[in-house]
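J.: Before I ask anything, here is the structure I am working with.
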Amino acid sequence: MTLAFWCVLIAGLMPIALAGIAKAGDRSFDNRQPRAWYERVGGYRQRAWWAQQNSFEALPLFAAAVIIAHIAGASPGVINTLALVFIAARVAFAAFYLADWSTPRSIAWLVGMGACIGLFIAAV
């Protein structure tokens, strides 16, 4: 399994980690109605939920880009590098989201998107 495929797994686990950050230590969390709880919370917990949602949204494009780049025979080094850039950007994105730093968050999002686009270009 390539490093890029491991990055897909990491990207798939990131939303779960962000959900854990949102819920950790808050005894008011109601697993019977988790979405209602998310709507009531504020601060970093709500931002962790938003980052979780965005991480789920980013996952399909990233996974497809990695798979397509592999199938198309792109350079493994390029694929692995871009996959690592994506993961680094998504970790930074989540950290900036939690810290409520909107401009760096948007830049991190753009870097991650650029890595996905780069994977498609590498497949050409």
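J.: Here is a check on your reading of the model: is Glu57 within 20 Å of Leu9 (Cβ to Cβ) and acidic (Asp, Glu)?
T.: Against the criterion (within 20 Å of Leu9 (Cβ to Cβ) and acidic (Asp, Glu)), Glu57 qualifies.
J.: Turning to a different aspect of this structure: Inside region 68-124, can you point out the residues that are hydroxyl-bearing (Ser, Thr, Tyr), more than 30 Å from Val41 (Cβ to Cβ) and assigned to a helix (DSSP H, G or I)?
T.: Matches in region 68-124: Thr81 only.
J.: Have a look at Ala108, Ala36, Ala83, Ala63 and point out the one that is farther than 14 Å from Leu119 by Cβ, surrounded by 15 or more Cβ atoms within 10 Å (Cβ to Cβ) and either within 12 Å of the chain's Cα centre (by Cα) or not hydroxyl-bearing (Ser, Thr, Tyr) (or both).
T.: The conditions single out Ala108.
J.: Could you tell me which of the residues Arg45, Arg90 is in contact (Cβ under 8 Å) with a residue 60 or more places away in the chain, charged (D, E, K, R) and in contact with a helix residue (DSSP H, G or I) (Cβ under 7 Å, 6 or more places away or on another chain)?
T.: Only one candidate qualifies: Arg90.
J.: While we're here: Here are the criteria: (1) assigned to a helix (DSSP H, G or I); (2) modelled with pLDDT under 95. Tell me which single one Arg47 does not satisfy.
T.: Unmet for Arg47, out of (1) assigned to a helix (DSSP H, G or I); (2) modelled with pLDDT under 95: (2).
J.: Picking from Ala17, Ala22, which residue would you name as being among the aliphatic types (A, V, I, L, M) and farther than 28 Å from Leu119 by Cβ?
T.: From the options Ala17, Ala22, the qualifying one is Ala22.
The values are calculated or read from the model by the stated rules, or taken from the named source; none is laboratory data. Owing to the predicted nature of the structure, the values given are computational and were not obtained by experimental measurement. Reconstructed Cβ throughout: ideal geometry from the backbone, glycine too, with neighbour counts over all protein chains shown.
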